Amino acid sequence: MPKLKSLEELQKLRQQLQGDFKARTETSTTITVGMGTCGIAAGARETMHAILAELEARSIDAHVTTVGCIGMCSKEPLVDIQQGDEPRITYGNITSDLVPRLIEEHLIQGNVVEEWVVGRVAG
Amino acid sequence: MAERSGEHRADVLVSCLHDRAPELIPALEEEVKRRGLEGEVKVVEAGCRGFCAMGPVLLIKPDDIFYVGVQPADVPELVEETLVKGRVVDRLTYREPTTHACIVHCEDIPFYSKQVRIVLRHCGLVNPQSIEDYIAAGGYQALAKVLAEMTPEEVIEVVKKSGLRGRGGAGFSTGRKWEAGRKAEGEPKYMLVNGDEGDPNCFMDRALMEADPHSILEGMIIGAYAVGAHEGYFYIPFEHTLSVKSVRNAIEQAQEYGLLGEDILGSGFDFDVKLRLGAHSFVGGESTALMHAVEGKASEPRPKHIHTTEAGVWDKPSCLNNVKTLNIVPEIITRGADWYASIGTETSKGTQVFSLAGKVNNVGLAEVPMGITVRELVFDVGGGIPNGHEFKALQIGGPSGGFLPVDLLDMPMDYETLAEAGSMMGTGGVIIADDRTCVIDTARYFLGFLQRQSCGKCAPCREGVKRMHEILTRITEGEGEMADLDVLKALGEAVKATSLCGLGKSAPNPVLSTLRYFRDEYVAHIRDGKCPAGVCKALITYQINADNCTGCGLCLRKCPQEAISGEKKEPHVIDQEKCIKCGVCFDVCRFDAVDVV
């Protein structure tokens, strides 16, 4: 292991390591994946893996959690995104191939992908 | 560098195992793997969360779901429900003791809600074996700030301004100690860590060394920079095997990363640490005794006409701090002296970690702001007295602390108020006594401990504590005389005034404080021949109350001496000749039919 020679190297190392520690730190963004039997059957696990990979690739600070079925099984996989006090947006039929665009538009550009929205809950 | 597991969504933090379920972590890992959650969910063995009474406990991040008393058999359901489906398993959550309502999040549990976790900030959150976890949580940033931006004098000034006082018991200002260390002449200077926690029933230092060793090391390096030391010793009794393992590993990792050694972070500052193991003893944590042990000599104290900051280890300037003191320093550097000084009371700043033991529901470690009242500590954080008994006294400050009675329930706990009340803060060890605890018998127990732990170097402690113990033993055996009370008081005050080190100076506290607050119990023992708490065997007899006895036969079957006789459904009787007063009949009776007289 290389020795840390300067303050900058310590900061860099910390940044590298933070991904591993993310679930334990505070963040204002939570992505919730419906993971009931219906969600899993519709490919929610693949969707979630795609989300995790995308977050890592783009170094986005967000928590990913899972929930059970909320009753809208026909629209699974369901993905909710909540940022701070913004309304919680529910997206339907988010298969893994849609994840890059979802992350790009919603989290990077800050635009809700209206065509996929199936619900909104005030924050 | 440890292999990175990459992005994952949840951490399962396992704490307070205490050998109760060694199979739990392998079972969790196995189940996570079986369900194909590898890479999604990480199982982390984190240090103590303080809620030892409820262990093993699990905290699932980021949802903050908190499970208590988890056993390997619970693992499949837990993984299926919570980690796969995101649902809470109600039966594993903490139950509010009176309403039995489920509490899912740990910050809502009364034990945690009054706590302010500064010392314990990483406990149960980072993996103590991983410097990477510590760095990711912001570790060694304070050290970097100190080395890059601050002079040693500025560091000392910040620590002084924060009002931080040594957490080893004496409560001396850490900033002033460092200042004395900085000014002391002579080379080399040494920085030492005191990891010898000697109080029976206390385990906060041990828990901290096990759960967060890097924070102590970071504080130690900052301290060394402040006083100008380039060599340090971390002293731990070898019996604390887990602490030794944890600290040794932390030192090695810090050395590998260049956070110990030469030219730390390119600042030109050199500092390295050696681990020193000693044999555990109560007096071993006394500063001069500890320094003797570091030198390889017997761990006996010496008179402190010359401060150890001027002449300590090998007569060189030596700065010794408790593990908790050092652990707080990085947090003060990061968050500022004003922030720290805003917590606590006028003279006692910050928080104190109390280890709760004895007759209290939530046995464990709790960190609360200085100045919390006895009532809040016992009834809110501690969860009250088990089995419907009454609170009688709180003993604080370790074996040589004093007893505080019910009248002082609303007293704020800080260094000065406790000392005025005849006790002391000590390291924060708290033992709670209920109405079935005899304070004289407990004082006798502590004096016996202190007598055995006395190094024997000075006469007041060696002889005085022994005599006090003998007198207390006589009183609990029903052979006391009223004149004993005056002798105890005079003896206690003499030992307190003339002993060489802190052990002897504080040893009479249990006697003097019980004489002050529980004199009527002494009188009951001596004059009336009774032990009000029903503990001292020579002064009590067990009798069966014929009106309440249903003749169920439970006590008859449980009595180890076969001293109880009686027909079924008829009142039973105890044969006093055979009875050894073990109290089993009293404990097992469901009809309140056994009386202690």
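Derivation of every value follows stated rules applied to the coordinates shown; laboratory data play no part. Model, not experiment: these values are computed from the prediction. All Cβ positions, glycine included, derive from the backbone under ideal geometry; neighbour counts span all protein chains shown.
Rank the residues B:596, B:588 as a footprinting-exposure proxy: fewest other Cβ atoms within 10 Å of their Cβ go first.
Details: B:596 18, B:588 14.
Ranking B:596, B:588 by Cβ neighbours within 10 Å, fewest first, gives B:588, B:596.
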Practice task
Could you pull the Cα extents of segment B:162-230 along its three principal axes, largest to smallest, in whole Å?
Solution key: 39, 23, 22
Problem - Degrees between helix A:44-57 axis and first principal axis of chain A (Cα, 0 to 90, nearest 10) - result: 30
Handout entry: Positive-end residue, segment A:26-121 charge dipole about Cα centroid, Cβ charges, pick of A:72, A:57, A:28
Key = A:72
Handout entry: Most mobile listed residue (A:11, A:82, A:109) in chain A, GNM with C-alpha springs under 10 Å
Key = A:11
Handout entry: From phi via Karplus (6.51, -1.76, 1.60), per-residue ³J(HN,Hα) for segment B:190-198 in Hz, x at Gly/Pro
Key = 10, 10, 10, 10, 9, x, 9, 8, x
Fill in the blank from the handout: Which residues qualify? For residue B:318, with a placed amide H closer than 5 Å and at least 5 residues away or on another chain, they are B:190, B:309, B:310, B:311, B:312, B:313
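Return the calculated 222 nm mean residue ellipticity for chain B, to the nearest 500 deg cm²/dmol, obtained by summing -39500 (n - 2.57) across DSSP H runs with n ≥ 4 and dividing by the residue count.
On the way: 22 runs with 201 residues, N = 597.
Calculated mean residue ellipticity at 222 nm is -9500 deg cm²/dmol.
Which value, in debye to the nearest 20, describes the size of the charge dipole of chain B about its Cα centre when Lys and Arg Cβ atoms bear +1, Asp and Glu Cβ atoms bear -1, and nothing else is charged? Could you put the intermediate results ahead of the total?
On the way: 64 positive and 85 negative charges, 225 e Å.
The calculated dipole for chain B is roughly 1080 debye.
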Practice task
Once you have the Kirkwood Rh of the protein assembly as shown from its Cα pairs, apply Stokes-Einstein at 20 °C and 1.002 mPa s and quote D in µm²/s.
Solution key: 75
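Taking the DSSP beta bridges in chain B as the whole, what percent of them are antiparallel, to the nearest 5? Write out the running numbers ahead of the final one.
On the way: 34 of 61 bridges.
Of the beta bridges lying entirely in chain B, close to 55 percent run antiparallel.
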Practice task
Residues in segment A:9-23, backbone N under 18 Å from the label point at residue B:149 (7 Å along the Cα-to-beta-carbon vector): list them, ranges by number please.
Solution key: A:9-12, A:14-15
Problem - For the protein assembly as shown, share of DSSP beta bridges that run antiparallel, in % to the nearest 5 - result: 60
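Test of understanding: given chain B, find the longest segment containing no chymotrypsin sites (Phe, Trp or Tyr not before Pro) that are in a DSSP loop and have at most 16 other Cβ atoms within 10 Å.
Working: sites that count: B:172, B:238, B:591.
Result for the longest clean stretch: B:239-590.
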Completion exercise
Computed over segment B:351-434, the convex hull of the Cα set has an average projected area, in nm², of 4.4
Problem - Spherically averaged projected area in nm², based on the convex hull that wraps the Cα atoms of chain B - result: 29.3
Practice task
Report, in debye and to the nearest 20, how large the dipole of segment B:356-453 comes out about its Cα centre when Lys and Arg carry +1 and Asp and Glu carry -1 on their Cβ.
Solution key: 480
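I'm a student and want to see the number: the projected area of the Cα convex hull of segment A:26-121, averaged over all directions, in nm².
Details: hull surface 22.0 nm².
For segment A:26-121, the mean projected area of the Cα convex hull comes to 5.5 nm².
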Practice task
Would you work out which of B:483, B:502, B:473 lies farthest towards the positive end of the dipole of segment B:439-526, given +1 charges on the beta-carbon of Lys and Arg and -1 on that of Asp and Glu, about the Cα centre?
Solution key: B:502
Completion exercise
Inter-part gap, Cα centre of segment B:253-305 to Cα centre of segment A:20-91, in whole angstrom, is 49
Problem - Span from the segment B:370-433 Cα centroid across to the segment B:461-490 one, whole angstrom - result: 25
Handout entry: segment B:187-332 - convex hull of the alpha-carbon atoms, volume per residue in Å³
Key = 105
Completion exercise
Exposed GluC sites (Glu not before Pro) being those in a DSSP loop with at most 11 other Cβ atoms within 10 Å, the longest stretch of chain B free of them is B:4-184
Exercise for the section: Collect residues whose amide H, placed 1.01 Å from N in the peptide plane, falls under 5 Å from the amide H of residue B:275; neighbours closer than 5 in sequence don't count. Expected result: B:234
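Could you work out, residue by residue across B:10-17, how many beta carbons of other chains sit within 10 Å of that residue's beta carbon, and then give the average as an integer?
Details: counts 6, 5, 1, 2, 0, 0, 0, 0.
Going residue by residue through B:10-17 and averaging, the value is 2.
What is the mean number of Cβ atoms from other protein chains located within 10 Å of the Cβ atom of each residue in peptide A:8-19, rounded to a whole number? Don't skip to the answer; put the middle values down first.
Details: counts 3, 5, 12, 3, 0, 7, 9, 2, 5, 12, 4, 6.
Shielding by partners across A:8-19 averages 6.
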Problem - Under 12 Å from residue B:578, Cα to Cα: aspartates and glutamates that are on another chain or at least 8 residues apart - result: B:562
Problem - Average beta-carbon neighbours from other chains, 10 Å sphere, peptide A:46-53 - result: 2
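Treat every Asp and Glu Cβ in segment A:26-121 as -1 and every Lys and Arg Cβ as +1, leave all other atoms uncharged, and give the resulting dipole magnitude about the Cα centre to the nearest 20 debye. Show your work: numbers first, answer last.
On the way: 6 positive and 14 negative charges, 59 e Å.
Taking the Cα centre of segment A:26-121 as origin, the dipole is about 280 debye.
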Fill in the blank from the handout: Filtered hits (lysines, Cα-Cα < 25 Å from residue A:75, offset >= 8 within chain) -> B:85
Exercise for the section: Provide the per-residue ³J(HN,Hα) series for segment B:416-433, in order, calculated from phi with Karplus coefficients 6.51, -1.76, 1.60 and θ = phi - 60°, each as a whole number of Hz, with x at glycine and proline positions. Expected result: 6, 4, 5, 5, 4, 7, x, 10, 7, 5, x, 8, x, x, 10, 10, 9, 10
Fill in the blank from the handout: The lysines whose Cα lies under 23 Å from the Cα of residue B:274, excluding any fewer than 8 residues away in the same chain, are A:3, A:5, B:177, B:189, B:245, B:297, B:316, B:324
